[in-house]
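The values are calculated or read from the model by the stated rules, or taken from the named source; none is laboratory data. Source: prediction; values computed, not measured. Glycine gets a Cβ as well: all are built from the backbone with ideal geometry, and neighbour counts include every protein chain shown. Quick note on the areas: whole protein, heavy atoms, side chains included, nothing else; ligands and nucleic acids left out. Shrake-Rupley method; radii C 1.70, N 1.55, O 1.52, S 1.80 Å.
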Amino acid sequence: MTFKNKVVWITGASSGIGKGLVLALSKLECQLIISSRNETTLNQIKQACPNPDNVAVLPFDLADYDHMKPVVTQAIKHFGKIDLLINNGGISQRSLIIDTDISVDKKLMEVDYLGTVALSKALLPHFIKNNTGHYAVVTSLMGKFSSPYRSGYCGAKHALHGFFDALRMEHEKDNINVTLICPGFVNTNIAKNALIGDGSLQNSQDLATENGLSIAEFCDRMLQAIQKEKFEAYIGKKEILGVYLKRFFPKLLHRKVMKSQVR
């Protein structure tokens, strides 16, 4: 696929990977719909794009998953269609299971899984009607294998793989593509904004995230994977080897993760 003359909708667009995608795609002759909860920041990002008239701001909360149909209707009105939905919005976690209140697990599932699924389902009739469409879903390497301190986050990301693999199978006949993007460590504020056991923010960076890929490099590789219509793409440094260790040597991966205890 090419991004030229396409309408691309990006969630989680006010920071990190989402913001990086907006700035990269704004140079590729496509029209953008950018979403998050923070309308003020979204408008600032819009004005930083080369052609702000090609960028529409649509704030909403992924946790409000019972009300996605009107959001989709509003999104389509901006440019008359949507070709690609990049499901990037979400939150992370840094807490042991024993210390994590069930309300935190619920929040992670509501935002990272149910919000993304509800938005994608609400958009699905539009894709079917047009006989074309593409979902790009930012999950995580934690959607392929797990790590301590991230139980609820891993659960939500694993669930996304199960849902979107099924969606791909059911709607291949409608020319609908699904690309699951699995980041490793990317130098964003995801760790600072991660929830701890009581639901408050961690408010501190971790070394692995700080030493991860730059946002620009990650976004470039992610957009290449979407263009190639890959089913899955693992994007990171040596941590992506965990996917293959999990598949072929699960006990070895277990030992390595336990030894590193990356928080």
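Summary of computed values
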read-out	value
Which numbered condition LEU25 fails, given (1) touching a residue at least 40 places away in the same chain (Cβ under 8 Å); (2) open to solvent by 10 Å² or more (accessible area, probe 1.4 Å); (3) touching a strand residue (DSSP E or B) at 6+ places or on another chain (Cβ under 8 Å)	(2)
Subset of region 153-182 [buried (at least 23 other Cβ atoms within 10 Å of the Cβ) and not hydrophobic (A, V, I, L, M, F, W, C)]	TYR153, LYS157, THR179
Output for region 49-68, where each listed residue is in contact (Cβ under 8 Å) with a residue 24 or more places away in the chain, assigned to a helix (DSSP H, G or I) and touching a Lys or Arg at 6+ places or on another chain (Cβ under 9 Å)	MET68
Test: ARG221 is surrounded by fewer than 20 Cβ atoms within 10 Å (Cβ to Cβ), under 15 Å from the mean Cα position of the chain (by Cα) and basic (Lys, Arg)	yes
Condition broken by LYS144, with the remaining ones in (1) open to solvent by 30 Å² or more (accessible area, probe 1.4 Å); (2) at pLDDT 95 or above; (3) touching a Ser or Thr at 6+ places or on another chain (Cβ under 9 Å); (4) within 28 Å of ALA208 (Cβ to Cβ) satisfied	(3)
Candidate set from region 107-139 (those that are open to solvent by 10 Å² or more (accessible area, probe 1.4 Å) and part of a loop (DSSP other than H, G, I, E, B)); member that is farthest from ALA194 (Cα to Cα)	ASN131
Leading residue by the ranking (least open to solvent (accessible area, probe 1.4 Å)) among those in region 93-103 that are assigned to a helix (DSSP H, G or I) and within 20 Å of LEU62 (Cα to Cα)	SER103
Options GLY20, GLY90: the member that is touching a Phe, Trp or Tyr at 6+ places or on another chain (Cβ under 9 Å), assigned to a loop (DSSP other than H, G, I, E, B) and touching a residue at least 60 places away in the same chain (Cβ under 8 Å)	GLY90
Residues of region 186-211 that turn out to be within 18 Å of LYS19 (Cβ to Cβ), open to solvent by 60 Å² or more (accessible area, probe 1.4 Å) and part of a strand (DSSP E or B), as a count	0
